[in-house]
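To start, the structure itself, in structure tokens.
The values are calculated or read from the model by the stated rules, or taken from the named source; none is laboratory data. Bear in mind that the values here come from a model prediction, so they are computed numbers and not experimental data. Positions of Cβ are generated from backbone atoms using ideal geometry, with glycine treated the same way; all protein chains shown enter the neighbour counts. Side chains are part of the model used for accessible areas, which takes the heavy atoms of the whole protein and leaves out ligands, DNA and RNA. Shrake-Rupley method; radii C 1.70, N 1.55, O 1.52, S 1.80 Å.
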Amino acid sequence: MALAIDATTPARVNASAAVSAVSGSFTPPAGALLIVTAQGTNGSTGPTSVAVTNSGTALTWTQVQLANKTTTGGGDGFASIHRAVVGTSAAMTVTATQTGGSAPTSIKVYVVTGANTTTPVGTAVIGRGTTTPLTTTALTTTGTNSLFFASADEWSAPAAETGTAGSGMTWDSWGISGSNYGGSGYKTVAAPASTTTALSSVGGSGTMDWQYVVVEVFAAAAAAAPPRPVRTITQQALTRAATR
Amino acid sequence: MAKGDPPTSPVVEVFDDYVQLAVTIAVTFDNTTRALAQAVVSRDDGCQYHTIVLDVPSRPQAKRLAAPVDGAGPNTYTAAQLSKVGLSTIEDVLALQITAEP
């Protein structure tokens with residue numbers, strides 16, 4: 001089963017004036033992998049963490065990576081990626097809350113089917129940069145037909161920016177003029193390879209201030225081929241064949 | 001515009017579904033008085049989202065603006081219509097989180 005973004009994926013949530021954002025209700029299928037990407041503004045030092053929770057039966061959430069002033073050595077935005085595996089299909093909402101950060105907050109939840117739910121993610125890379133376009137640090141995927149996810153924030157955003165990501169990314173962006181621009185996206189990497197994406201800002205001016213996280217999501221292992229039938233040939237049968 | 005300056009008109013938010021069909025809200029307002037002029041909601045045919053939600057969707061006070069059905073033009077909400085649901089200035093809008101739902 002190939003990795004795919006499921007139709008139950010909810011819409012991005014943009015909270016211009018809050019340190020938390022809450023998705024609309026959605027019902028992911030059992031066994032789906034939820035990837036939550038979050039972006040926004042640091043506080044004076046943080047955010048120190050971004051906590052993700054869900055309504056209904058609590059899922060086990062793991063922060064894959066967080067790029068912020070502390071982890072990348074500077075910058076005023078943050079970007080993060082979080083994951084959880086859905087046990088039983090049920091309606092839920094997802095909330096991401098910054099601790100130590102400040103508004104705005106934007107989240108995008110991706111419902112991913114066909115993922116390896118035992119080892120969902122491989123290598124993750126975080127980084128910071130001040131140019132546009134900005135090429136992310138290379139991440140070398142190790143799986144076959146993996147999904148490469150990115151979450152990025154451009155904090156300087158003095159104008160009404162729009163943006164794109166290159167290298168075949170399906171990109172979902174957001175922006176608030178005078179505040180932040182950011183986005184998240186994904187692409188398929190068919191074979192293990194060194195992979196990057198170019199984050200571009202259109203309409204901004206002055207020095208850029210990017211924070212980003214990229215991560216590999218593994219596809220579920222292909223089902224093992226059924227065993228081939230085994231025939232036992234006896235010495236007696238060989239002797240019989242040889243004398244015919 | 002400098003970093004930290006208040007947003008200028010229009011404020012546009014785009015919400016893509018899983019096949020990159022989108023519903024969009026464009027809010028126009030007076031840059032001086034901040035008073036809302038109108039909100040225009042448009043939608044790509046086939047987009048799985050049909051409503052713009054202002055505020056946390058599960059809250060009873062959440063405000064919902066319907067998007068047009070397939071083949072229809074954008075839905076325009078006047079300043080008077082927005083005022084009736086408590087939205088008079090762009091700051092009223094940006095104080096709420098914004099998303100879309102089916």
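General observations
- Qualifying residue in the range A:112-133 (condition: touching a Pro at 6+ places or on another chain (Cβ under 9 Å) and within 14 Å of another protein chain (Cβ to nearest Cβ)): yes
- Filtered residue count, the range A:133-179, keeping only those that are in a loop (DSSP other than H, G, I, E, B) and touching an Asp or Glu at 6+ places or on another chain (Cβ under 6 Å): 4
- Only one of A:T105, A:T141, A:T137 that is at pLDDT 90 or above and open to solvent by 10 Å² or more (accessible area, probe 1.4 Å): A:T137
- The residues of the range A:63-92 that are open to solvent by less than 30 Å² (accessible area, probe 1.4 Å), more than 28 Å from A:S156 (Cα to Cα) and assigned to a loop (DSSP other than H, G, I, E, B) amount to a single one, A:V86.
- Residue match in the range B:54-69 (condition: more than 24 Å from A:S55 (Cα to Cα) and either at pLDDT below 95 or within 14 Å of another protein chain (Cβ to nearest Cβ) (or both)): yes
- Single condition A:S151 does not satisfy, out of (1) open to solvent by 20 Å² or more (accessible area, probe 1.4 Å); (2) touching a residue at least 24 places away in the same chain (Cβ under 8 Å); (3) within 16 Å of A:V217 (Cβ to Cβ); (4) among the polar types (S, T, N, Q): (1)
- Residues that are open to solvent by 20 Å² or more (accessible area, probe 1.4 Å), assigned to a loop (DSSP other than H, G, I, E, B), touching a residue at least 24 places away in the same chain (Cβ under 8 Å) and not hydroxyl-bearing (S, T, Y), drawn from the range A:44-60: A:G56, A:L59
- Scan of the range A:169-196 for residues that are open to solvent by 30 Å² or more (accessible area, probe 1.4 Å) and away from every other protein chain (no Cβ under 13 Å), ordered by number: A:T188, A:A190, A:A191, A:P192, A:A193, A:S194, A:T196
- Check on A:T37, more than 7 Å from every other protein chain (Cβ to nearest Cβ) and either in contact (Cβ under 8 Å) with a residue 12 or more places away in the chain or touching an Asp or Glu at 6+ places or on another chain (Cβ under 8 Å) (or both): yes
- Some residue of the range A:49-61 being within 30 Å of A:D209 (Cα to Cα), modelled with pLDDT under 95 and of a type in the set (S, T, N, Q): yes
- Residues located in the range A:111-126, provided they are outside any loop (DSSP other than H, G, I, E, B) and either aliphatic (A, V, I, L, M) or open to solvent by less than 10 Å² (accessible area, probe 1.4 Å) (or both): A:V111, A:V112, A:A115, A:V121, A:A124, A:V125, A:I126
- B:T99 touching a strand residue (DSSP E or B) at 6+ places or on another chain (Cβ under 9 Å) and open to solvent by 70 Å² or more (accessible area, probe 1.4 Å): no
- Subset tally (residues that are in contact with a strand residue (DSSP E or B) (Cβ under 7 Å, 6 or more places away or on another chain) and facing chain A (nearest Cβ under 9 Å)) for the range B:11-27: 9
- Strands (runs of 3 or more DSSP E) wholly inside the range A:1-42 containing at least 2 residues that are surrounded by 24 or more Cβ atoms within 10 Å (Cβ to Cβ) and of a type outside the set (G, A, S): A:13-15, A:33-42
- Filtered residues of the range B:1-50 (kept if within 22 Å of A:G40 (Cβ to Cβ), under 10 Å from the mean Cα position of the chain (by Cα) and open to solvent by 40 Å² or more (accessible area, probe 1.4 Å)): B:V12, B:V14
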